[in-house]
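A.B. asks: Below is one structure. I have some questions about it.
The values are calculated or read from the model by the stated rules, or taken from the named source; none is laboratory data. None of these values were measured; they are calculated from a predicted model. Backbone-built Cβ (ideal geometry, glycine too); neighbour counts: all protein chains shown. The protein model used for the area step is the full one, side chains on, heavy atoms only, and it has no ligands, DNA or RNA in it. Shrake-Rupley method; radii C 1.70, N 1.55, O 1.52, S 1.80 Å.
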Amino acid sequence: MVGRNAVTVIVSAPRAAVRAPLWEAMTTLAISLAVLGLALVLAIGLQVRLGLRPLEQLRQAVVNVRTGRSERLPAEQPLEILPLVSELNGLLEQNAANLERARRHVANLAHGLKTPLATLAIALSERGRDATGELHSLVLLMERRIRHHLGRARAAALSGPTRAQTLIAPHIADVGNVLGKIYADKRIALAQNVPRDLAVACEQQDFDEMLGNLLDNAFRCWARNKVEIHALHDDGRTVSIVIEEDGPGLRRDQIPQVLRAGERIDESAPGFGFGLPITRELAELYGGELNLDASVLGGLRVKLRLPLTL
């Protein structure tokens, strides 16, 4: 102030000179926060993915158990899910034990009921024992009903058939080697054409029984010099195991007879006539079938169809 007069001082500057530094600072801060946020999102996603990886591995292990590739879950697990895996393995072991007990009970029941009935049917078929055939028809009716209910019981015992898995080729080789030694005097040549990785959804004991019955018939009763076996996929869901031999074969009208329990074409041949009927019953319990036909080798062609392992 000069004397009594006021002095006003006016200062001016370009607007950009004021806003530019502020805008630059805000832009840098926004970019930094965006990069930091993106990094945090990626870190969280990676952490979640790594954290859930054991659960994905556990899911795959459960799939392997369900499809029959393994019987138990791997014991090497992170501490967080190890108690769960232990409980699941305990449940699988308990179910396997219950399944084995059920299978034994069904097998004992089948043996205890069907063998006496078959013996009774053979006795009634003798001349003069059942002139009207009424008793024989009742025995056959009882046999069919027992077969039906045993099939339902066995199917319940074999719940979860996809867990069962049996490789075909090794079992054919084992059974063929045994029968080749037993019937070495017949000098029968066994030719096998089965993929090494082909498997059926069938319990090993049942598959061995079916295969043993069919091959034993071929070696012991029918084949002269040769038995051929091959297996192939049918429709992506079933496997056909075909056994052919160069024996005398069967007429078409004889095929139903050999599939009935206790009946044989040649009574002088060894055996009791139960092999083929038992094999057919086992195949049907797994959703398969057994068919007999003429072979190009001149003898019998047996086709056993079983479900393919998924």
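A.B. asks: Taking θ as phi - 60°, what are the ³J(HN,Hα) couplings along segment 201-215 by the Karplus curve (6.51, -1.76, 1.60), each to the nearest whole Hz, with x for Gly and Pro?
C.D. replies: With the stated coefficients, segment 201-215 comes to 7, 8, 5, 4, 4, 5, 5, 4, 5, 5, 5, x, 4, 5, 5 Hz.
A.B. asks: Give me the extension gain from THR132 to GLU100: residue separation times 0.36 nm, minus the current Cα-Cα distance, reported in nm with one decimal.
C.D. replies: Once the chain is fully extended between THR132 and GLU100, it gains 7.2 nm.
A.B. asks: Shifting gears a bit: Counting only heavy atoms of the protein chains, get the accessible area per residue of the chain (1.4 Å probe) and round it to a whole Å² value.
C.D. replies: Values: 19900 Å² over 310 residues.
Spelled out: the 1.4 Å probe surface of the chain, per residue, equals 64 Å².
A.B. asks: Okay, next question. Say we join alpha carbon atoms closer than 10 Å with springs in a Gaussian network model of the chain; which of ARG224, ARG66, ARG129 then has the biggest fluctuation?
C.D. replies: Of ARG224, ARG66, ARG129, the most mobile in the Gaussian network model is ARG129.
A.B. asks: Still on this model: I need the phi-derived Karplus couplings for segment 167-172: 6.51 cos²θ - 1.76 cosθ + 1.60, θ = phi - 60°, integer Hz, Gly and Pro marked x.
C.D. replies: Per residue, the Karplus-derived 3J(HN,Hα) values read 6, 7, 4, x, 6, 4 Hz.
A.B. asks: Here is a further query. Taking square-rooted eigenvalues a ≥ b ≥ c of the alpha carbon gyration tensor, is segment 174-252 rounded, prolate or oblate, where a/c under 1.5 means rounded and, failing that, a/b exceeding b/c means prolate?
C.D. replies: prolate
A.B. asks: Something else about it: Quick one: ranking ILE10, ILE122 by accessible area, 1.4 Å probe, largest first, what do you get?
C.D. replies: Descending order: ILE10, ILE122.
A.B. asks: To the nearest 10 degrees, how steep is helix 134-157 against the longest Cα principal axis of the chain, on a 0 to 90 scale?
C.D. replies: The angle comes out at about 20 degrees.
A.B. asks: Among HIS230, HIS171, what's the order by accessible area (1.4 angstrom probe), most exposed first?
C.D. replies: HIS230, HIS171
A.B. asks: When the chain is treated as a GNM, springs tying every alpha-carbon pair under 10 Å, which of GLN254, GLN205, GLN47 comes out with the largest mean-square fluctuation?
C.D. replies: Among GLN254, GLN205, GLN47, the largest mean-square fluctuation in the Gaussian network model of the chain belongs to GLN47.
A.B. asks: Helix 15-66 sits at what angle to the longest principal axis of the chain, using alpha carbons and giving 0 to 90 degrees rounded to 10?
C.D. replies: Roughly 10 degrees between the two axes.
A.B. asks: Moving on to the next point. Please check the chain for the longest run free of GluC sites (Glu not before Pro) that are loop-located per DSSP (anything but H, G, I, E, B) and have at most 11 other Cβ atoms within 10 Å.
C.D. replies: 127-266
A.B. asks: Obtain the nm distance between the two label points defined at VAL7 and GLN60 by a simple spin-label model: each point lies 7 Å from its Cα along the Cα-to-C-beta direction.
C.D. replies: Computed distance between label sites VAL7 and GLN60 equals 8.6 nm.
A.B. asks: Expressed as a whole percentage, what fraction of the accessible surface of the chain belongs to carbon and sulfur atoms when a 1.4 Å probe is rolled over the protein heavy atoms?
C.D. replies: On the way: 11700 of 19900 Å².
Result for the chain: 59 percent of the exposed heavy-atom area is carbon or sulfur.
A.B. asks: If you bin every alpha carbon distance in the chain into 10 Å steps from zero, what whole percent lands in each bin?
C.D. replies: 5, 18, 21, 17, 9, 6, 5, 4, 3, 3, 3, 2, 1, 1, 0, 0
A.B. asks: In addition: Tell me the trypsin sites (Lys or Arg not before Pro) within segment 1-31 that lie in a loop according to DSSP and have at most 16 other beta-carbon atoms within 10 Å.
C.D. replies: Filter output for segment 1-31: ARG4.
A.B. asks: Choose one of MET142, ILE44, ALA191: the residue whose Cα lies farthest towards the positive end of the charge dipole of the chain (beta-carbon charges +1 Lys, Arg; -1 Asp, Glu; about the Cα centre).
C.D. replies: Ranked along the dipole, the leading option is ILE44.
A.B. asks: If you stretched the chain out fully between THR119 and ILE182, how much longer would it get, using 0.36 nm times the residue separation minus the C-alpha to C-alpha distance?
C.D. replies: Going from the current span to full extension adds 19.9 nm.
A.B. asks: Right, here's the next one. Just from its helices, what would the mean residue ellipticity at 222 nm be for the chain, if runs of 4 or more DSSP H residues each count -39500 (n - 2.57) and the sum is divided by every residue, rounded to the nearest 500 deg cm²/dmol?
C.D. replies: -18500 deg cm²/dmol
A.B. asks: Rounded to whole Hz and in sequence order, give me ³J(HN,Hα) for segment 299-304 from the Karplus expression 6.51 cos²θ - 1.76 cosθ + 1.60, θ = phi - 60°, writing x for Gly and Pro.
C.D. replies: Going residue by residue, I get x, 9, 10, 10, 10, 9 Hz, with x marking Gly and Pro.
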